[in-house]
Amino acid sequence: MEKKPATLLYPLPVVLVTTADADGRPNIMTVAWTGVVCSEPPMLSVSIRPSRYSYGLLKASGEFVVNVPSADHLRQVDYCGMVTGAQVDKFAATGFTPVPASRVRPPLIAECPVNLECEVQQRIELGSHDLFVARIVACHVEDSCLNEKGRLDVARVRPFAYNGALSYWSVKEELGRYGFSQK
Ligand SMILES: Cc1cc2nc3c(=O)[nH]c(=O)nc-3n(C[C@H](O)[C@H](O)[C@H](O)COP(=O)(O)O)c2cc1C
């Protein structure tokens, strides 16, 4: 059945974007409109509505951190997408621990197993959202989420997805290995 044009592209990762104001006061925002956009140099994008408190911080500083939560953090992730940092200190409210980043001013969230420090390269006004295209300038991975070869083991991160229809889903089962169709 043909339907009217809509953003029916699911599942999407859900991440926590940290930003900071000029005094270093940090904020956390939940973002699902995000994705990898380039391998060399490593780059990603986040799409943010100008009405978000984080938008002003991001636009002014040009820096943010993408923190990948695990399923254990579902409640905090939902919460950070429901309240605004203009009124609430979300670090205090969630109990998340801010840790200084190595290359940017916004902090990492210690409890998140993967943290990607980002510098904005371009901001593109699209309509409801602005797309921030950013270079990943530093990465942090919790030791327990690395395999024997030192590579990220997603199963140990236990990430989850946003599936439209206002629901969160786990990402559990491996279905195949990259390139298996050629063997
Ligand atoms: C699962 C989920 C995904 C979200 N994704 C986005 C997004 O990609 N872009 C956006 O502008 N807002 C998104 N939001 C809404 C913001 O997270 C929400 O408005 C938040 O309160 C903004 O925080 P701030 O005002 O402190 O920046 C999402 C919310 C949830 C719960």
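The values are calculated or read from the model by the stated rules, or taken from the named source; none is laboratory data. All of these numbers come straight from a predicted model, not from anything done at the bench. Don't worry about glycine lacking a Cβ; one is built from the backbone with ideal geometry, like all the others, and counts go over all protein chains shown. To get the accessible areas, we keep the full protein, side chains included, count just its heavy atoms, and leave off ligands, DNA and RNA. Shrake-Rupley method; radii C 1.70, N 1.55, O 1.52, S 1.80 Å.
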Every pair of residues 6+ apart whose Cβ atoms lie under 7 Å, when the first sits in region 14-37 and is charged (D, E, K, R) while the second is more than 6 Å from the ligand (Cβ to nearest atom):
Asp21/Leu57
Hey, Ala92 hits all of (1) buried (at least 16 other Cβ atoms within 10 Å of the Cβ); (2) over 17 Å from Phe64 (Cα atoms); (3) over 16 Å from the mean Cα position of the chain (by Cα) but one; which does it fall short on?
(1)
Has region 14-28 got any residue that is away from the ligand (no atom under 11 Å from the Cβ), within 21 Å of Gly127 (Cβ to Cβ) and modelled with pLDDT of 95 or more?
no
Quick one: would you say Ser102 is part of a loop (DSSP other than H, G, I, E, B) and either of a type in the set (Val, Ile, Thr) or open to solvent by 20 Å² or more (accessible area, probe 1.4 Å) (or both)?
yes
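Here's the yes/no breakdown for (1) assigned to a strand (DSSP E or B); (2) under 11 Å from the mean Cα position of the chain (by Cα); (3) not aromatic (Phe, Trp, Tyr):
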{"site": "Pro5", "(1), (2), (3)": "no, no, yes"}
{"site": "Thr19", "(1), (2), (3)": "yes, no, yes"}
{"site": "Asp23", "(1), (2), (3)": "no, no, yes"}
{"site": "Ile28", "(1), (2), (3)": "yes, yes, yes"}
{"site": "Glu40", "(1), (2), (3)": "no, no, yes"}
{"site": "Ser45", "(1), (2), (3)": "yes, yes, yes"}
{"site": "Gly56", "(1), (2), (3)": "no, no, yes"}
{"site": "Ala60", "(1), (2), (3)": "no, no, yes"}
Check whether at least one residue in region 39-50 is of a type in the set (A, V, I, L, M) and within 11 Å of the ligand (Cβ to nearest atom), and report yes or no.
yes
Just give me the residues in region 109-141 being in contact with an Asp or Glu (Cβ under 9 Å, 6 or more places away or on another chain), among the charged types (D, E, K, R) and open to solvent by 70 Å² or more (accessible area, probe 1.4 Å), in sequence order.
Arg123, Arg135
Quick check: anything in region 167-183 of a type outside the set (D, E, K, R), open to solvent by 100 Å² or more (accessible area, probe 1.4 Å) and in contact (Cβ under 8 Å) with a residue 12 or more places away in the chain?
yes
Of residues in region 62-83 being open to solvent by 50 Å² or more (accessible area, probe 1.4 Å) and not hydrophobic (A, V, I, L, M, F, W, C), the one farthest from the ligand (Cβ to nearest atom)
Asp72
Pull out all pairs, ordered by first then second residue, where Cβ-Cβ is under 7 Å, the residues are six or more apart or on different chains, the first lies in region 38-55 and is touching a residue at least 12 places away in the same chain (Cβ under 8 Å), and the second is within 16 Å of the ligand (Cβ to nearest atom) and in a helix (DSSP H, G or I).
Ile48/Ser54; Ile48/Tyr55; Ile48/Leu58; Arg49/Tyr55
Which residues, counting only those in region 142-166, are more than 15 Å from the ligand (Cβ to nearest atom), farther than 16 Å from Glu111 by Cα and open to solvent by 100 Å² or more (accessible area, probe 1.4 Å)?
Glu148, Lys149, Arg151
